[in-house]
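What follows is one structure encoded as structure tokens, with my remarks underneath.
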Amino acid sequence: MDGEFVSRERDRMLAELGEFLAIPSISTLSDHAADCQRAADWVSDELRRLGFPVVEQLDRGGHPIVWAESPPVPGKPTVLIYGHYDVQPPDPLDEWKSPPFEATVRDGKLFARGAVDDKGQVYCLLKAYEAVRDGDGLPPLNIRFIIEGEEEFGGHSIERLLQEEPERTEADAILVCDTSYYAPGIPAVYTALRGICYTEIEVRTAQRDLHSGNYGGAAPNAMETLCRILGDLKGRDGRINIPGLYEAVEPPTEAEFASWQELPFDMDDFLTEEITARSLAGQEDRSVFERLWALPTFEIHGIMGGFTGEGAKTVIPARATAKVSLRLVPNQRWKTALGQLEEAVRAVAPDYADIEVRPIHGADPVQVDVTQPAFAVLDQAFTEVVGRGPVAIRSGGSIPVVASLGLRGAPVLLTGVGLPDDGLHSPNEKLDLQQLWDGVAIFGRFFELFADQPV
Ligand code: BES
Ligand code: ZN
């Protein structure tokens, strides 16, 4: 690997990544479909610049999936790299210290929507590839990229693609850099991701909104009804009141619990630096790691309806909608959980209310066995660059396609160069530049070391 690469190319890399981050490729907003296409084009152009002879955009009804194959290196292993070019919406906009789609460096950190999740990490892998090419532009092994644009929206197109063409996941290792270190200086490799079941719950109690003086006291209120239903679904003790939901939950093994006990953890730091709250929520009889990684959640993301504008309006809303998701843990299935949620909503809803539970997206949880040889190679690459190998932990987040990536048996290496305080999905999302530069070296070394693995 070119040891001078990072120090020599730093400014150019910052400029290139800045271009990528300037594209507001927000996959969940239909107004931004053209931006998702532009981000796919940006990735495709970059892959062509890097000399990939095969660069395609695959259309499965949504945002394009970028597929690329490096020049073939016969007899060498193949690494498939997965990432996503789409981002979450940037709001609340007034909380950003610099505009979300104008990458800005402050204090050694790059601030922008997508800086770490996941454009910065996709970029990191592109540059790791660039850094290990030889004088003829050839890599030490076979690399494929699959970069989608719907990860933040459930990953429907890539799911369809892999169902139709599962052979695309035939590789000696699959590298997914869409997560973070456990803590500064402590890289991580993930043994599980939570699944998700994201829904919209609509309550209708009348044909139209009503005067709250004329009818208040006698007419049902859709917003109140919705709030009561939502309140009924989770107890103050943090347990979710959805019959059957916990039945499939597979508790971590004693060994896994024991390994979590070894992790350094400072509750005060966690509260002030990460959660930014005065105290925790959830089941008090469960550890923080268990709450984050091994138990399902019930989360209300937003409630719409009624009057929320300036001033006052005395109205009884006839309709109210909530965005609600469940995170799911190993052995749960999102379609089962969806059915259980629907049942539970109907069971607590009053007769006068018409209820609809609409699924928006879903993903099953995944577990990864991290004992295959590829993980030892990853460990070595991290150790050479940052002085220690990754800890094996779980993630509370989800990456929908991962359940399908591993179906052909390739080990799926879930790792990343983010830091816990990067603020993914929050205002002022950032990537520490040192993490990016280290990442180029780490994954460059990984490619070189993995090239020597038997195929
Ligand atoms: N990069 C995250 C996944 C992640 C989050 C990994 C936290 C590790 C820790 C990913 O891009 C993401 O946010 N996924 C969504 C998926 C969902 C919208 C289907 C998520 O988890 O909310
Ligand atoms: Zn994300």
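Since every read-out is calculated from the coordinates, none of them should be taken as a lab result. As the structure is a prediction and not an experimental result, all values here were calculated from the model. Glycine gets a Cβ as well: all are built from the backbone with ideal geometry, and neighbour counts include every protein chain shown.
What share of Cα pairs, in percent, lie more than 21 angstrom apart in the stretch 149-270?
Of all Cα-Cα distances in the stretch 149-270, 70 percent exceed 21 Å.
Quote the Stokes-Einstein diffusion coefficient, in whole µm² s⁻¹, for the stretch 347-429, based on the Kirkwood radius over alpha carbon pairs, a temperature of 25 °C and a viscosity of 0.890 mPa s. Show your work: numbers first, answer last.
Details: Rh = 16.6 Å.
It comes out at roughly 147 µm²/s.
No solvent, one uniform scatterer per C-alpha: report log10 I(q)/I(0) for the stretch 224-328 via the Debye equation at q = 0.11, 0.14, 0.22, 0.24 1/Å, two decimals.
With no solvent term, the Cα-only Debye profile gives -0.51, -0.75, -1.27, -1.36.
Under 8 Å for C-alpha pairs, at least 6 residues apart: give me the relative contact order for the chain, rounded to a whole percent.
Values: 932 pairs, mean separation 119.8, N = 455.
Relative contact order comes out at 26 percent.
Among Gly195, Thr169, Gly238, whose Cα lies farthest out toward the positive end of the dipole of the stretch 138-253, if unit charges sit on the beta carbon of Lys, Arg (+1) and Asp, Glu (-1)?
Gly238
How high is the relative contact order of the stretch 354-455, given as a whole-number percent (alpha carbon pairs under 8 Å, six or more residues apart)?
So the answer I get is 32 percent.
For the chain, compute Rg over Rh where Rg is the Cα radius of gyration and Rh is the Kirkwood radius from the inverse mean 1/r over Cα pairs. Intermediate results must be reported in sequence, preceding the final value.
Numbers: Rg = 23.4 Å, Rh = 23.5 Å.
Dividing the radius of gyration by the Kirkwood radius yields 1.00.
On the Cα set of the stretch 396-447, report Rg and Dmax in Å, please.
Cα radius of gyration and Dmax of the stretch 396-447 are 13.8, 38 Å respectively.
Evaluate the Kirkwood expression for the hydrodynamic radius of the stretch 313-455, namely the inverse of the mean inverse distance over all pairs of different C-alpha atoms, and round to one decimal in Å.
It works out to 19.3 Å.
Name the lysines eligible as straight-distance cross-link partners of Lys430: C-alpha to C-alpha under 24 Å, and not fewer than 8 places from it in the same chain.
Within reach: Lys97, Lys109, Lys119, Lys127.
Pop out the ³J(HN,Hα) list for the stretch 242-253 in order, Karplus 6.51 cos²θ - 1.76 cosθ + 1.60 with θ = phi - 60°, rounded to Hz; leave Gly and Pro as x.
Per residue, the Karplus-derived 3J(HN,Hα) values read 10, x, x, 4, 7, 4, 7, 4, 9, x, x, 6 Hz.
Can you list the residues, at least 5 places off or on another chain, whose amide H is less than 5 Å from the amide H of Ile360, using H built in the peptide plane?
Residues meeting the criterion, in which the H sits 1.01 Å from N, are Tyr198, Thr199, Glu200.
Subtracting the Cα-Cα distance from 0.36 nm times the residue separation, let me have the gained length for Arg358 to Ala33 in nm, one decimal. Please report the intermediate quantities before stating the final value.
Details: separation 325, 0.36 × 325 = 117.00 nm, distance 2.28 nm.
Roughly 114.7 nm would be gained on extension.
Give the angle, between 0 and 90 degrees and rounded to the nearest 10, that separates the Cα long axis of helix 222-233 from the longest principal axis of the Cα atoms of the chain.
Helix 222-233 and the main axis of the chain meet at about 60 degrees.
Would you compute, from DSSP H runs of 4+ residues alone, the mean residue ellipticity of the chain at 222 nm, taking -39500 (n - 2.57) per run and dividing by the full residue count, rounded to the nearest 500? It would help to have the intermediate numbers written out before the result.
Numbers: 10 runs with 129 residues, N = 455.
Counting only the DSSP helices, I get -9000 deg cm²/dmol.
Mind listing the phi-derived Karplus ³J(HN,Hα) values for the stretch 75-87, rounded to whole Hz, using 6.51, -1.76 and 1.60 with θ = phi - 60°, and x for any glycine or proline?
x, 9, x, 10, 10, 9, 10, 9, x, 9, 9, 8, 10
If a/c stays under 1.5 just call it rounded; otherwise compare a/b with b/c (prolate if a/b is bigger, oblate if not). Do that for the stretch 110-202, with a ≥ b ≥ c from the square roots of the Cα gyration tensor eigenvalues. Intermediate results must be reported in sequence, preceding the final value.
On the way: a/c = 1.93, a/b = 1.31, b/c = 1.47.
Verdict is oblate for the stretch 110-202.
How big is the charge dipole of the stretch 187-343 about its Cα centre, in debye rounded to the nearest 20, if each Lys and Arg gets +1 on its Cβ and each Asp and Glu gets -1 on its Cβ?
Approximately 920 debye in magnitude.
Cα axis of helix 33-49 to longest principal axis of the chain: angle in degrees, 0 to 90, nearest 10?
It works out to around 10 degrees.
Write out the GluC sites (Glu not before Pro) in the stretch 12-110 meeting two conditions: DSSP loop, and at most 15 other Cβ atoms within 10 Å of their Cβ.
Glu102
At each listed q (0.20, 0.25, 0.31 Å⁻¹), what is the log10 of I(q)/I(0) that the Debye formula gives for the stretch 225-275 modelled as equal alpha-carbon point scatterers?
Relative scattering, expressed as log10 I(q)/I(0), comes to -0.93, -0.92, -1.03.
Write out the trypsin sites (Lys or Arg not before Pro) in the stretch 60-160 meeting two conditions: DSSP loop, and at most 13 other Cβ atoms within 10 Å of their Cβ.
Here the sparse-neighbourhood loop sites are Lys97.
What lysines does Lys234 reach when the alpha-carbon gap must be under 19 Å and sequence neighbours fewer than 8 apart in one chain are set aside?
Counting by Cα, and skipping residues close in sequence, Lys234 has these lysines nearby: Lys323.
Rounded to the nearest 10 degrees, what's the angle between the helix 433-451 long axis and the longest principal axis of the chain, both from Cα atoms, 0 to 90?
60 degrees
Between Met304 and Asp45, what's the calculated FRET efficiency when r is the beta-carbon distance and R0 is 35 Å? Round to 0.05.
Once the sixth-power term is evaluated, E becomes 0.35.
For the stretch 82-240, what relative contact order do you get, as a whole percent, if you take Cα pairs closer than 8 Å and at least 6 residues apart?
Over the stretch 82-240, the number comes to 21 percent.
At 37 °C and 0.692 mPa s, what whole-number value in µm²/s does Stokes-Einstein give for the translational diffusion of the stretch 1-96, with Rh from the Kirkwood sum over Cα pairs?
Once the numbers are plugged in, D ends up at 211 µm²/s.
Counting Lys +1, Arg +1, Asp -1, Glu -1, what net charge surrounds Leu193 among other residues with beta carbon under 13 Å of its beta carbon?
Residues close to Leu193 contribute a combined charge of 0.
Fewest Cβ neighbours within 10 Å first, please rank Arg194, Arg228 accordingly.
With the fewest neighbours first, Arg194, Arg228 line up as Arg228, Arg194.
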